[in-house]
Each structure stands twice: as C-alpha cells, then as structure tokens.
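Read the structure below first, then the notes.
Rule-based calculations on the coordinates, nothing more; no lab input. Just so it is clear, the model here is predicted, and its values are computed rather than measured. We place every Cβ from the backbone using ideal geometry, glycine too, and count neighbours over all the protein chains shown.
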Amino acid sequence: MTSANKSALPLTESTYLILLSLVSPCHGYAVMQKVESMSGGSVTIGPGTLYGALKALLKKGWIQELPTDEPRRKSYRLTENGNRILRQEVDRLEKLAQLGKKNI
Amino acid sequence: MKTKKRVFKVYLAWQDERESAWLRHMANKGWHFTSYTFCVYTFVKGEPSDVVYQLDFNNDIKNDHDSYVELFRADGWELVDTFGSWHYFRKPCSAGGNMHIYTDRDSQIKKYQKILFFLAFMGMYSIYSSIHWWILSFGDKPEYMQNMFFTILRLFVTGAAVLMLACIIMLILRIRGLKKQDTLSEK
C-alpha cells in the first residue's frame, strides 16, 4: 500500500458507491441508476456530482474510460489501482463494523 | 398579448440558488426561461408549470461538451442556455427523480471553489489594475491617462474590482458555511 493510497481513505459515500458500481463496465447514467438501486433508493447522485467525480477518478487513475463508438455516452471501469483502493476501503469498513458489533 | 419578454436582473456568483428559485417562480407564472446574456433574461410565455432550474459552473469541459450534456439529459435535465462557464439546466417537477444536480456537500463545495478560483484569477488582475491606476492618477499622469475615455475605463475597472472582491468574500463565506454543516444530506 503506497502512502498516497493510504491517505485516499476514507472515501466519501458517493465515491465509494460510484467505484462499487464501476466494478463492471458501465456508462455514466448507468452509474446513477446502479447507485440508487444498490443503496435501496437511499442515495441518489445528481449529474453535477457524478460528472465531477468521474473526472476526478479518471485523473487519479482509479477508473478508466473504455473505447466506444458512441462518444456521447462514455463508459468507464475500475482500474487495478481503483480496485485495490476499493478493497482497502471495504476492509477498513469491515473492521470498523466488526468493532462496533463486538462492543454493542 | 406579449409572448416574449426580457428582464434585467442582477445575480452575483454566489447567488445561484436564489437565481434558480426566481426562474422557477417565473415558470410557475407561465414565463419560461430561454436565454441569458449579461444580466438580461429572456422568457417566452407558455402554460404555467412547475419547473426546477439548476445552474452548473463548469469551465473544464473542453472536448467533452456532448457527453457532459448527455449525462444531464439522461437524468431528465434539459440544457437551456450556456453563458461563459455557466450552464442553465431545467427539469419539470412532474418528471420526478432528483431535483438537484449536486447531491452531496463535497461536490457543492467543489463547485463554489471552482467559481472562486476563476474569480480570484480575474479579480486579482482588475484589483491590481485599478489600484495601480488610482496611484498613478495622483502623480504626474502619463499622457494616455488624461482623456475622458480613460477616466471612464478606470471607473469601470474599479467597479468590476469591487464587485469581484464582494463575490470572492461571499463565496468564501458560502464555502465555510457548507463545510460547517457536519451532516451530509444525501437527498
């Protein structure tokens, strides 16, 4: 784990769910739909928030744009680095959740 | 009966929420926003309806304009007009779904930071020139400063500098206010 990755955690709830929905490739609007359905409708991501988040994640190299013949509907997928970050975050959350369960 | 009207109204960079509330209010009265240029809003008359307006500030689209607009369109938002880096989107309330384009505090803060950064850059230059010109005007004036045109230009730039400074301060307060809200509202 590099120190740059370490300081990337914790992820915001939006970032976490966006990364999670990009485990398999999908286009921007599909990310919005997946996040909503994964969270049982409790989290929705607006297009302004999503556009900025996708740009930032591309810049960080956590996701990549996939080649497409439809430039209007860009598709994305996690990179290896993004996958690693996501796993680290899941581990971190799991430890915290276990700690909570043990002590309540 | 008039079917089109222009309204002059000033909203500054930090007042985008008030501005969108006003556009919604106009739509409720049957005046539907069509374009914006330098504080002049154009409306066309139609059936009164409840339409939500949202403003995005994005100066980082470059070759990505189509996919940017498409992302909003897919979520039910129509791009009404673009002025500089400001994009006016709208969505009829009846469409349902999300009525905000920014849904978490982090991204709201980032939007205002983008505006702040842009204005600080522009503001710095106009503040610098106006101070520079006022100082120069007290000494032996260079020849180019002695005509009427220049005096008007100087007043204009000074006015712009004051406005930008006000915007910068208000944006900083806005960002601080958002950062203080410790609960993240997801809706």
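Results, tabulated for the structure shown:
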item: A:Tyr29 being under 14 Å from A:Ile85 (Cα atoms), in a helix (DSSP H, G or I) and hydroxyl-bearing (Ser, Thr, Tyr); result: no
item: Exclusive hit being buried (at least 17 other Cβ atoms within 10 Å of the Cβ), within 12 Å of chain B (Cβ to nearest Cβ), assigned to a loop (DSSP other than H, G, I, E, B) and polar (S, T, N, Q), set A:Thr15, A:Thr44; result: A:Thr44
item: Any chance B:Glu17 is acidic (Asp, Glu), within 14 Å of chain A (Cβ to nearest Cβ) and farther than 30 Å from B:Gly123 by Cα; result: no
item: Residues satisfying the stated conditions in region B:103-130, i.e. of a type in the set (S, T, N, Q), more than 14 Å from every other protein chain (Cβ to nearest Cβ) and buried (at least 19 other Cβ atoms within 10 Å of the Cβ); result: B:Ser126, B:Ser130
item: Test set (1) more than 14 Å from chain A (Cβ to nearest Cβ); (2) under 18 Å from the mean Cα position of the chain (by Cα); (3) surrounded by fewer than 16 Cβ atoms within 10 Å (Cβ to Cβ) - B:Val80 fails condition number; result: (3)
item: Any hit, region A:56-65, residues being under 20 Å from B:Lys110 (Cβ atoms) and within 10 Å of another protein chain (Cβ to nearest Cβ); result: yes
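Residue-wise test of (1) under 16 Å from the mean Cα position of the chain (by Cα); (2) β-branched (Val, Ile, Thr).
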site	(1), (2)
A:Leu20	yes, no
A:Glu36	yes, no
A:Ser42	no, no
A:Leu58	yes, no
A:Gly82	yes, no
A:Arg87	yes, no
A:Val90	yes, yes
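Here is a yes/no grid of residues against (1) surrounded by 14 or more Cβ atoms within 10 Å (Cβ to Cβ); (2) touching a strand residue (DSSP E or B) at 6+ places or on another chain (Cβ under 6 Å):
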{"site": "A:Tyr29", "(1), (2)": "yes, no"}
{"site": "A:Leu54", "(1), (2)": "yes, no"}
{"site": "A:Thr79", "(1), (2)": "yes, yes"}
{"site": "A:Glu94", "(1), (2)": "no, no"}
